[in-house]
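Shown next, in structure tokens, is the structure this report addresses.
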Amino acid sequence: KRGMACLTVDGPGQGETLRLHDIPSRPDYEVATRAAVDYLVARPEVDPDRIGLIGVSMGGYYAPRGAVFDPRVKACVAYGACFDLLADLYDFFPPIQGQMEWLIGAKGPEEARKKLKEFTLDGVIERLTCPLLVVHGEEDYIVAPESAQKTYDGARGPKELRMWKPDEGGAAHCNMDNTPQVYPYMFDWLADRLSESAG
């Protein structure tokens, strides 16, 4: 209804890419973003001036980083912000540590901590120029809610922070307790920004 198309990607450390091809995640996720955008701009039905990017959960790190390094991304949504994977996810939610070690190709906590030091938006987010929407739940117990504020504070371009509260629904991780309201909010925001970028 919004006139938008969607490309869903399994990047390094996700889905088939990890399980069938043994490609772990990487801190320089702009490489994966660039490949996806290269594919999009080669398609005749895609307007290269109206490309948005949404990253979910750990994608709350991947997407802003990708948008920093690829100016073809005209608007970005961190859907569940993740400013620093070590502090805001690995240490914040210990039950996920084994899973994260697998995702990044680490052979234990010591190697994971060393690798995860590179997975941060510190020193990177300040270079983001396209509009950014940060969406997070106030009671997210998997990724630290403070991560959303750090991502928002660091960005220097047009930005909006939307923290969902328990009394309205959407306070859980990636707002999974209120997606019927959160999804339209994000896609309306994205459609508005991409209309502006085309104008």
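Under a 5 Å amide H cut-off, with hydrogens placed 1.01 Å from N, Ala75 pairs with Leu53 among residues at least 5 apart or on other chains.
Fully extending the segment from Tyr141 to Arg72, taken as 0.36 nm per residue of separation minus the present Cα-Cα distance, adds 21.5 nm. Couplings for the stretch 52-58, taken from phi via the Karplus curve 6.51 cos²θ - 1.76 cosθ + 1.60 with θ = phi - 60°, read x, 9, 10, x, 9, 6, 4 Hz in order; Gly and Pro are left as x.
Could you name the lysines in cross-link range of Lys74, using Cα to Cα under 25 Å and dropping any fewer than eight places away on the same chain? The reachable lysines, counting only those whose Cα sits under 25 Å from Lys74, are Lys1, Lys150, Lys159.
The GluC sites (Glu not before Pro) of the stretch 1-89 meeting both criteria, a DSSP state outside H, G, I, E and B (loop) and at most 11 other C-beta atoms within 10 angstrom of the site's C-beta, are Glu45. Taking 0.36 nm per residue of sequence separation and removing the Cα-Cα distance, the Val46/Ser195 pair yields an extension gain of 52.3 nm. Here the 3J(HN,Hα) profile of the stretch 119-135, calculated from phi with Karplus coefficients 6.51, -1.76 and 1.60 at θ = phi - 60°, is 8, 9, 8, 4, x, 10, 4, 4, 8, 6, 10, 6, x, 10, 10, 9, 10 Hz, Gly and Pro shown as x. Look at where the Cα atoms of the stretch 47-65 and of the stretch 151-197 average out, and the two centres are 13 Å apart. Close amide-amide hydrogen proximity is noted between Cys82 and Gly60, Tyr61, each under 5 Å apart and 5 or more residues distant or on a separate chain (H modeled in the peptide plane; Pro and chain starts excluded). Comparing Lys117, Lys165, Lys107 in a Gaussian network model of the chain (Cα springs below 10 Å), the most mobile by mean-square fluctuation is Lys107.
Across the stretch 76-199, C-alpha contacts under 8 Å between residues 6 or more apart give a mean separation that, scaled by the residue count, equals a relative contact order of 29 percent. With each label modelled as a point 7 angstrom along the Cα→C-beta vector, the Lys114-Trp102 pair spans 2.3 nm.
Normalised per residue, the accessible area of the stretch 51-199 is 43 Å², obtained with a 1.4 Å probe and no contribution from ligands, DNA or RNA. Taking the 1.4 Å solvent-accessible surface of the stretch 118-199 as the whole, the part contributed by carbon and sulfur is 50%.
Within the chain, antiparallel bridges make up roughly 5 percent of the DSSP beta bridges whose residues both belong there. Of the complete DSSP H runs in the chain, none spans 30 angstrom or more by Cα along the long axis with a mean Kyte-Doolittle score not below -0.5. Note on Cα extents along the principal axes in Å: of the candidates (1) 49, 42, 30; (2) 50, 47, 36; (3) 58, 35, 24, the value calculated from this structure sits at (1).
The values are calculated or read from the model by the stated rules, or taken from the named source; none is laboratory data. Just so you know, these numbers come straight off a predicted model, no measurement behind them. Heads up, the Cβs are rebuilt from the backbone with ideal geometry, glycines too, and the neighbour counts pull from every protein chain shown. The area values use the complete protein model at the heavy-atom level, side chains included, leaving out ligands, DNA and RNA. Shrake-Rupley method; radii C 1.70, N 1.55, O 1.52, S 1.80 Å.
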